[in-house]
Structure formats: structure tokens, C-alpha cells
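Quick note: the coordinates plus some simple rules give every number you see, no bench work behind them. Predicted, not measured: the structure shown is a model, and the values here were computed from it. A quick note on method: Cβ atoms are made from the backbone with ideal geometry, for glycine too, and the neighbour counts reach across all protein chains shown.
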Amino acid sequence: MPLDALVSVDDSATALAARAGEALRLPGNSEEATISAADKFVFREIMQAAGLSSPWFRTFPLTDDPADVARAVPYPCVLKPLFLSASRGVIRADDAAEFQAAFRRVAHLLADPELKARGGSAAEALLVESFMPGSEVALEGMVRDGEFRLLAFFDKPDALDGPFFEETLLVTPSRHPPRLQDRAVAVAAQGARALGLRTGPVHAELRLNGETPYLLEMATRSIGGHCSRALRFGADMTLEELILRQALGEVPNRIERERRAAGVMMIPIPAGGRLQGVQGLEQARSVPGITEVEITIPLTREVVPWPEGHRYLGFIFAKEDTPQAVEQALRMAHRRLRFDIKPSAEGA
């Protein structure tokens, strides 16, 4: 049976899908563009060459002496694995002592055999960037014929200042000034062009430092986890349906997100161990505006906090008339949840 399109659903398969699509001469992004977006150092080089505002950045082999590296970087700074997503392994350091501890912690994480095999040479170094203060936002978009089209602009109401960067809330529409939103969208569009993206979904993360948007990352996929459930378009179309329709050349010229404000909370992990129980689910679901509460880690399974972890306890979804009401509903529902997490040795 002939194929009409190939669509990757997560980071692990974007390069493979691009390579296969090129071989089969299907519409899609090039393998080179996909790999460039996924490699944090290559991405940063491309953004800087395109004239986009960029932090100080440099890579260091994990075999380097942390004390020597600590003398070569500005503070505060952020250490990042080159290939991981969802802020896994991302740590802020404010001085040399914190930097050395963070360096060793990232090195220990990347020594995991599974990550070494997955990352290859990318697991042998890390990226260091100067830390940029400011609010963080996420843009969900779609590239069509090389042009970036905004689908949703998410605010992240909780400050992401470190030392770790586990995300919690995403709320749309944005409450930032329209002029700043327009600048962020323009920066994302410029970043997509610099990467050479041609078609398909795009998920971008930005920092709004004063009046200047900084493009942190851009993935050639849709938003991760279950977060896409917060989005509906047109006559109740899901983001996944929209992506598939675009891949088949069926996307309308006009795409509008539903009018109501929406949001999702990625339920943070309060402590490491084994999840033994969850209380308050019905009380959380009864909060006005809440549409769904889902626990995605099964009972008795181990839960790992950030920066080593990369899985949330679950997701809370809300819809309301305003983004303020959405945020309030998500926080209220979360306060009603209680998690029984036992240390692994005790809960095994």
C-alpha cells in the first residue's frame, strides 16, 4: 500500500521519519533540519547565525575537569544535556561550587547505558548557557510551505528560575501584551526558517526577557505528553487530527482554536520513591472548570523527580471563560490531591 505521509509523534522518531520521508519522496522536513533542531548546541549555533538574540553558550566534554570548566563560564548559567527533552538533566548554577555539583550530576545521568546508547556522541558532552531571567512561554505551531502558523500561545504562570526546570502549568490564551506575543511569534517563525523547516508540527519554547523573546528550543513535533488534550480547533478538532490533515494536504487556510480559555497542569513529583496511593481524585474532578484529571503513573511504580526524572504523575485539564479562571481551577484541583510516595526500599 503506498504511503501518503509520515508523521512522528515524539523526539525519538523525528529523524527516522524525516529520513524515511526523504527516501520515499514524501512531504516533510529534511533529516538535516530535524537533527539540527534536536541537538541543542547545533540549534543554538544556527539561531545565532540567523541573528536571533542568544545567550552565551558553549559545549564541554564530560571528561573535562569540572573545576576547570567552572572557571570558564559566566554565572548564573544553565547546564543542559545536548539531546534530552522535557527539561531532563537541566540544572541552574549560580557559582562555581554549584556548577561542579551540577556538572557531576549531569555526567552521572548521561552515564546510564540506555541514554548512552540513545545519545551516542551527544551523551559525551553538555551545553552551558548563560541564564536568562524572564517569563517562559510555549508556542504550538505548524509549518506549511516554509511558513510558520501559530496554533496556540501558552503562558507558563509558574516561574521557571531553577535550580531545576520541571514544568507545571500551561494556559492559553496568553496574558502577555499583544506586541510581545507578536514578537515571540515572529522569532519562532524566524527560527523555523533558519532551521529550514518545510512542513509539519512545531513546538517552540521561549523566554521573554523584558521586551526581547529568546528562542530556547524548537522541536519538529507537537507538544509532548498528554498536553495536546487542552487544545481544540474548529468543530472540536484535536491537534492530532489537525496534524494528520495537514500531512495529507487537507488543512484549511483558516485555523482557529476554540474561544474558551484552556490549560493543563503537569502534576509535579513531590518526592522520589514508589507511588502507593492517590487520594482526592473525585474532589479534584469536582472543581468548577476542571474537565479531566488523569494519573498516568501506575501504583507501585517508581517516580523520579527532576532533573533525573522525565515523567509526571499525571495531568489536570481545565476550560473556563478566562485564562485567570483556568489557572485558578488547576491550582485548586491540585491542592485537593494527595500522593502517598514511599522511599523505594520501603515501598518495593
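Numbers for the structure displayed
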| quantity | calculated |
| --- | --- |
| Label point distance in nm, T212-E294, each placed 7 Å from Cα along Cα→Cβ | 4.0 nm |
| Shape call, the chain: gyration tensor on alpha carbons, a/c limit 1.5 | rounded |
| Alpha-carbon centroid distance for the pair region 26-93 / region 140-204, whole angstrom | 18 Å |
| Mean Cα-pair separation over length for region 289-328, i.e. relative contact order, pairs under 8 Å, 6 or more apart, % | 51 percent |
| Overall form of region 11-130 per C-alpha gyration tensor (a/c, 1.5; a/b vs b/c) | oblate |
| Reciprocal of mean inverse Cα separation for region 111-226 (Kirkwood radius, Å) | 15.4 Å |
| Relative contact order of region 199-311, pairs being alpha-carbon contacts under 8 Å that are 6 or more residues apart, as % | 17 percent |
| Gained length - S30 relative to D95, 0.36 nm times residue gap less alpha-carbon distance | 19.4 nm |
| Calculated over region 62-151: convex hull of Cα atoms, volume per residue (Å³) | 133 Å³ |
| Reduced Cα scattering model of region 260-348, Debye log10 I(q)/I(0), q = 0.13, 0.15, 0.18 Å⁻¹ | -0.43, -0.56, -0.75 |
| Once the Cα gyration tensor of region 1-46 is diagonalised, semi-axes √(5λ) in Å | 22, 10, 6 |
| Backbone HN-Hα couplings from phi across region 127-138 [Karplus 6.51/-1.76/1.60, Hz, Gly and Pro as x] | 9, 10, 10, 5, 6, 10, x, x, 6, 9, 9, 10 |
| Ranked Y312, Y75, criterion: other C-beta atoms within 10 Å, fewest first | Y75, Y312 |
| Dipole in debye (nearest 20) - the chain, about Cα centre, beta carbon charges: Lys, Arg +1; Asp, Glu -1 | 460 debye |
| Cα centre as origin, Lys/Arg/Asp/Glu Cβ charges: region 191-266 dipole, Debye | 80 debye |
| Gaussian network model of the chain, Cα within-10 Å springs - most flexible of R254, R105, R193 | R254 |
| Formal net charge of residues neighbouring R207 (Cβ-Cβ distance under 11 Å; K, R +1; D, E -1) | -4 |
| Estimated vicinal HN-Hα couplings, Hz - region 194-210 in sequence order (Karplus 6.51, -1.76, 1.60; Gly, Pro = x) | 4, 6, x, 5, 10, 7, x, x, 9, 10, 10, 10, 9, 10, 9, 9, x |
| FRET efficiency estimate (nearest 0.05) - Cβ-Cβ, L3 to R335, R0 35 angstrom | 0.15 |
